[in-house]
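The block underneath contains the structure these notes are about, expressed in structure tokens.
The values are calculated or read from the model by the stated rules, or taken from the named source; none is laboratory data. Computed from a predicted structure; not experimentally measured. We place every Cβ from the backbone using ideal geometry, glycine too, and count neighbours over all the protein chains shown. The area values use the complete protein model at the heavy-atom level, side chains included, leaving out ligands, DNA and RNA. Shrake-Rupley method; radii C 1.70, N 1.55, O 1.52, S 1.80 Å.
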Amino acid sequence: MRIDELLARDEPVFSFEFFPPKTAQGEQNLYAALAELRTLEPSFVSVTYGAGGSTRAKTIEIVKRIKDDYGLEAMAHFTCVGATVEELRATLDEMRAAGIDNVLALRGDPPAGQDDWVKTDGGLEYSRELVALIRADYPFAIGAACFPETHIHATSAEDDIGYLAAKASAGVDFLITQLFFDNAFYFDFLTRARAAGVTVPIIPGILPITQIGQLERMTKMCGARIPEGLRRELYAREDQPEAVIDFGVAYATLQCAELLAAGAPGIHFYTLNRSPATRAILGALKLARPWESAP
């Protein structure tokens, strides 16, 4: 089912993001997490590409298996990296033939060892070009990324919003945000995006914190800020890994509840291929139903 159709319903959407594992054990962990999370009836699941688009075939394989074997709606991430337009079309043809209905159109990060983005000869330079290509010739529901704290390579917050508006106008059906830990960033971003004419649903992306080192690495890569109070509480538990997880679950649950109560269309969980934290958060949210108090 198309994600834009799911978003048209009265209930919020809840989704999980996974990445293609590199090892047999990793693949086992992924499918174990999927089996556990399936009981929470997520609206959809998304599967990323590896760095530089290196897991393109594996992404399609996993998305197809999620749909066929687990009965869950799934979305494939799709980037411009390392591919000509002809190769991009071939992959889109493969996705369509596999029965995939939803695509997250991204520019993508440079391949490993390459600091700057360089357009592939015969390829595309911007995600809005990829969105336009898909919208013109393919039946997919199209998602795209957005950045409440501004894209790490943007020249300014104003330019970033302008680019987002152009991307949305190219044919985006919904947006998913980069992870953030202060809801004020999301609410401010939403106001600025709407003022720029972006009308599609904007789903907040939430990372349940389970490891301090992992959190520091991820935020450094994407430019998300860790509020000082959050950092202080995490490091107060630095020598107690289970306490870090417990606090991370509590923090993310409160964060999601506030977002849903304010009218967010759902939550996209960055699961890192693990299920316990996400299961605890989503289970609590489904019991409390904070969206019922949304304006």
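A few comments on the model shown:
- Among residues of the stretch 56-75 that are without any contact (Cβ under 8 Å) to a residue 12 or more places away in the chain, those with a beta-carbon under 9 Å from a residue that is open to solvent by 30 Å² or more (accessible area, probe 1.4 Å) and in a helix (DSSP H, G or I) at least six positions away or on a different chain give the pairs A57/E94.
- Within the stretch 15-35, not a single residue is β-branched (V, I, T), under 16 Å from the mean Cα position of the chain (by Cα) and closer than 12 Å to N273 by Cβ.
- Checklist (1) free of Cβ contacts under 8 Å to residues at least 60 places away in the same chain; (2) out of contact with any Lys or Arg (no Cβ under 8 Å at 6 or more places or on another chain); (3) closer than 30 Å to M1 by Cα; (4) of a type in the set (A, V, I, L, M) applied to A154, failing item: (3)
- The residue list F147, F187 contains one member that is open to solvent by 40 Å² or more (accessible area, probe 1.4 Å), within 22 Å of L272 (Cα to Cα) and either out of contact with any strand residue (DSSP E or B) (no Cβ under 8 Å at 6 or more places or on another chain) or in contact (Cβ under 8 Å) with a residue 12 or more places away in the chain (or both), which is F147.
- Failed criterion for Y251 (all others in (1) among the aromatic types (F, W, Y); (2) closer than 30 Å to A8 by Cβ; (3) open to solvent by 40 Å² or more (accessible area, probe 1.4 Å) hold): (2)
- Selection within the stretch 281-290 - open to solvent by 20 Å² or more (accessible area, probe 1.4 Å) and within 13 Å of T39 (Cβ to Cβ): G283, K286
- The single condition from (1) farther than 30 Å from E36 by Cβ; (2) at pLDDT 95 or above that Y126 fails is (2).
- Inspection of the stretch 58-74 finds a residue satisfying the criterion of being touching a helix residue (DSSP H, G or I) at 6+ places or on another chain (Cβ under 6 Å), open to solvent by less than 30 Å² (accessible area, probe 1.4 Å) and modelled with pLDDT of 90 or more.
- Filter result for the condition that a residue is among the small types (G, A, S) and at pLDDT below 95, over G162, G171, G113, G143: G113
- The set of residues from the stretch 267-276 being at pLDDT 95 or above and open to solvent by 10 Å² or more (accessible area, probe 1.4 Å) comprises just one member, Y270.
- Residues that are assigned to a helix (DSSP H, G or I), closer than 23 Å to A280 by Cβ and among the β-branched types (V, I, T) within the stretch 182-224 comprise I212, T219, listed in sequence order.
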